[in-house]
Amino acid sequence: MCRALLGLLALLLSLHVSSQDELLLELEFEANNTLSDTSRLRLFNELSLAYSTVDPYKGIEYGFDALSVATKLKDASEISWSNANIARSYENLNSGDSALKYIRRSYQLISQNEAVKFKFAVLVLYGNAFMDIPDYDSAGFYYTKALDIALLTGNKTRLGAAYNNLANINHNNGNLQKSYEQYLLALNNFEATGDIKNQAIALNNIALINKDLGHFESSVKYLLKAVEVNKSIGDNYNLSMNYTNIGVSYKEMEDYDLAFEYYDKSIAIALEFGFYADLARNYHNIGNIYKINGNTDLALASYENSTEISRKQGLKIGILYNNLAICRILVEEGEIAEAKEVLAETHDLIDETGQILFKENYFYLMSVIAEKGGDFPNSLLYYKKHTSFKDSISELENRRQIEEIQQKYETEKKAIENQRLRDINQVSARVIQNQRGIGAIVIVSMILAIIYAVSIFRSRRKLNLAYKSLKDLNNKVLVQKQELERTNQTKDKMFSIIAHDLKSPFNAMMGFMELMMDDRQDFDDKEKAEMLRMTYDQSITTFGLLENLLQWSLAQRDMIEYNPVTTNLFSLIDSQVDLLVQRASNKNLGIENKVNTSAHSLIDENMTNTIFRNLIGNAIKFTSKNGKIWLKSDEVDGKVIVKVIDNGIGMPENMVKDLLLDNQVQSRLGTDNESGTGLGLEIVKDFTRRMQVEMQIESKEGEGSVFTLVFPSASDNNLDSPFLS
């Protein structure tokens, strides 16, 4: 099978030394000894890029280091690039789903002003991820968009990469003619730029076409050239692939010792660097040789080993190859029932992956199974399907046309160059001839046109500049006015809270303390305990108000950072219940945490603690004595839904509407005349927006309220935080 062009991103590296190991060690030393976040970010991305084909696990590690620094710097472009590097390393491990997850994030963050080479690289990586799944239609869509960019810029390295990737799709779909033509175009563009890394990939793919045509010696010749290049640049990923393909060609030439030798070389690299697709492919190929030599036990063991790796890694095509091979052995040994089970899964996989070329073998095996079971009508039916499908594959025509393309390629190339020179000469002759006749007229006309155009241009330019300056000035004044109004509102609200809502509880506490100091002999122990409890409750309420005031003030000045981590929601909520349980017990309220103990979400812990502290505190405030408060959770469509429920006094419909529409809402007294500022819900709404948590409010006056929060699950890994928008 052909691989997508994973080496294309190497064109972004500006540094090249003779020893890649020395380069990587120098980069790692520099990254570990620099203090500048900007420099560390650059070095981490370079290391992730370099390690993607040498050691993909290290590539992923450095990719996440880069992503952490980029997120800290709030640089959307670098966050996108870091995600792309992580995706590329996952592709080299054939983890298509993981690669798709990170390249999708990278693609979503690309801006219109992003560099062309970066857009091109991300589009190709997107296509590569779909190739690994496989989904050739989606891969073709992104490869074609990448080709459009390459044609627009005329960059030969990108053109070579784009043609190579589209050729991979045609090769996998059995269109050998179109595939071979595109591989030659890719090689031609890589040779023009001296890009030896991608020349090696094109050579490997041309070798595979030669193998499919039965030209095994030519296939080995192309592959050995690719091996030398990949050894020189330390590309272990493509080197492993080359060794596997050489082994396949030697197997077809019946030189099984050499085939085993090259399979073993590939297995050694695959085991060292975690290239599981190569590992599965090599075990399958070794099983083929055992089958040819009549050792069916070892063949079955190799196929089953390959199948197990393919299942773990989600390599559906690998499962297809192994199922068909295992089924042939089972049919030969008379294990018909087991063979039918294997073929049933094979049929589903063919439909799921769109690999119609496997149908030829599927129909043949179904025909044999039906015959051995005495079902001759179905045996004949499947055999006809097998024959019809086989005849529809124009293998001989493909072979003839491809050989003609190879012969015509150089001839047409020379003919095009000659024709281009002739066209240039003819155009030059016509230009000289026309210039002699109308030169004077053209010159005079051009002078007049230029004078007129310059005059018009200057006038329009002055008008445009004046209009633009006026418009910019108006916009600045409007923005400053809005900012000033917001600042004044913030200041007024803060002074109001400090003057009234903070002053009142402090006066109450000072009054209690004065009584305790001056008239303590007039109170018995029970009265003293009650006054201390009231003072404690008032201090807790005042502390909560101060904390809300601080959080609100920081939020108004955009001084709160969003730091998402995977968090157990049950434990987080339980900690807030513990903080507030004394307040609830003073009103004889029951609080029950029914949140699923395994509920996790990617959230900012500080913001989420503040949200639940305010929601539970409000539930206590507005629930009468002997009431009940409970929290519960559910998971729907990958989201974690948490509800804070009380059977308190509830809210009228117009108040719920004002809360949801961000209208000003007058703070109310609690069921025990607890005072408030209204800041708590303001902070809750602000923090839920920052974390992109959906909040819903249901309430009925006299019956209670339900506050519903919809959190992302821990697997969402949502990076679309507001400071990146």
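The values are calculated or read from the model by the stated rules, or taken from the named source; none is laboratory data. No experiment lies behind these values; they were computed from the predicted model shown. Methodologically, a virtual Cβ is constructed for each residue, glycine included, from the backbone with ideal geometry; neighbour enumeration extends over all protein chains shown.
Please go through region 335-375 and pick out each residue that is of a type outside the set (A, V, I, L, M, F, W, C), in contact (Cβ under 8 Å) with a residue 40 or more places away in the chain and part of a helix (DSSP H, G or I).
Thr353, Lys372
Restricting to region 618-657, name every residue that is more than 15 Å from Leu669 (Cα to Cα) and crowded, with 23+ Cβ neighbours inside 10 Å.
Ile629, Leu631, Val640, Val642, Asp646
Would you call Lys291 assigned by TED's automatic domain parsing to the domain that holds Gln355, surrounded by fewer than 22 Cβ atoms within 10 Å (Cβ to Cβ) and more than 27 Å from Lys58 (Cα to Cα)?
yes
Pick from Leu579, Leu615: which is surrounded by fewer than 19 Cβ atoms within 10 Å (Cβ to Cβ), assigned by TED's automatic domain parsing to the domain that holds Glu698, of a type in the set (A, V, I, L, M, F, W, C) and assigned to a helix (DSSP H, G or I)?
Just a single option satisfies the conditions, and that option is Leu579.
Among the residues of region 586-604, write down those that are crowded, with 19+ Cβ neighbours inside 10 Å and not in a strand (DSSP E or B).
Selection gives Leu589, Val595, Ala599, Asp604.
Name the residue, out of Glu335, Glu304, that is in the same structural domain as His386 (by TED's automatic domain parsing) and more than 28 Å from Tyr237 (Cα to Cα).
Glu335
Scan region 223-239 and give yes if some residue there is within 22 Å of Leu357 (Cα to Cα) and buried (at least 16 other Cβ atoms within 10 Å of the Cβ), otherwise no.
No, that holds for no residue.
Here's the yes/no breakdown for (1) assigned by TED's automatic domain parsing to the domain that holds Ile369; (2) modelled with pLDDT of 85 or more; (3) surrounded by 16 or more Cβ atoms within 10 Å (Cβ to Cβ):
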position: Asn282; (1), (2), (3): yes, yes, yes
position: Ile286; (1), (2), (3): yes, yes, yes
position: Leu300; (1), (2), (3): yes, yes, yes
position: Arg311; (1), (2), (3): yes, yes, no
position: Leu315; (1), (2), (3): yes, no, yes
position: Arg328; (1), (2), (3): yes, yes, yes
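In this structure, does Asn170 turn out to be over 26 Å from Ile267 (Cβ atoms), under 28 Å from the mean Cα position of the chain (by Cα) and either touching a residue at least 60 places away in the same chain (Cβ under 8 Å) or not assigned by TED's automatic domain parsing to the domain that holds Gly318 (or both)?
In short, yes.
Got at least one residue in region 661-677 being in contact (Cβ under 8 Å) with a residue 12 or more places away in the chain and in contact with a strand residue (DSSP E or B) (Cβ under 7 Å, 6 or more places away or on another chain)?
no
Under 7 Å between Cβ atoms, which residue pairs at least 6 apart in sequence (or on different chains) link something in region 48-60 that is closer than 20 Å to Ser232 by Cβ with a partner that is acidic (Asp, Glu) and not in a helix (DSSP H, G or I)?
Thr53/Asp235
Quick grid of which residues meet (1) among the polar types (S, T, N, Q); (2) modelled with pLDDT of 90 or more; (3) touching a helix residue (DSSP H, G or I) at 6+ places or on another chain (Cβ under 9 Å):
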position	(1), (2), (3)
Asn596	yes, yes, yes
Thr608	yes, yes, yes
Asn614	yes, yes, yes
Ile620	no, yes, yes
Ser624	yes, yes, no
Lys632	no, yes, no
Glu635	no, yes, no
Val640	no, yes, yes
Lys643	no, yes, no
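Suppose we filter Ala277, Ala301 for residues that are among the hydrophobic types (A, V, I, L, M, F, W, C) and touching a Leu at 6+ places or on another chain (Cβ under 7 Å); which single one remains?
Only one candidate passes the filter, namely Ala277.
One line per residue, one yes/no per condition, for (1) exposed (fewer than 11 other Cβ atoms within 10 Å of the Cβ); (2) more than 51 Å from the chain's Cα centre (by Cα); (3) at pLDDT 70 or above:
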{"site": "Asn474", "(1), (2), (3)": "yes, no, yes"}
{"site": "Val479", "(1), (2), (3)": "yes, no, yes"}
{"site": "Lys528", "(1), (2), (3)": "no, yes, yes"}
{"site": "Thr535", "(1), (2), (3)": "no, yes, yes"}
{"site": "Thr541", "(1), (2), (3)": "no, no, no"}
{"site": "Gly544", "(1), (2), (3)": "no, no, no"}
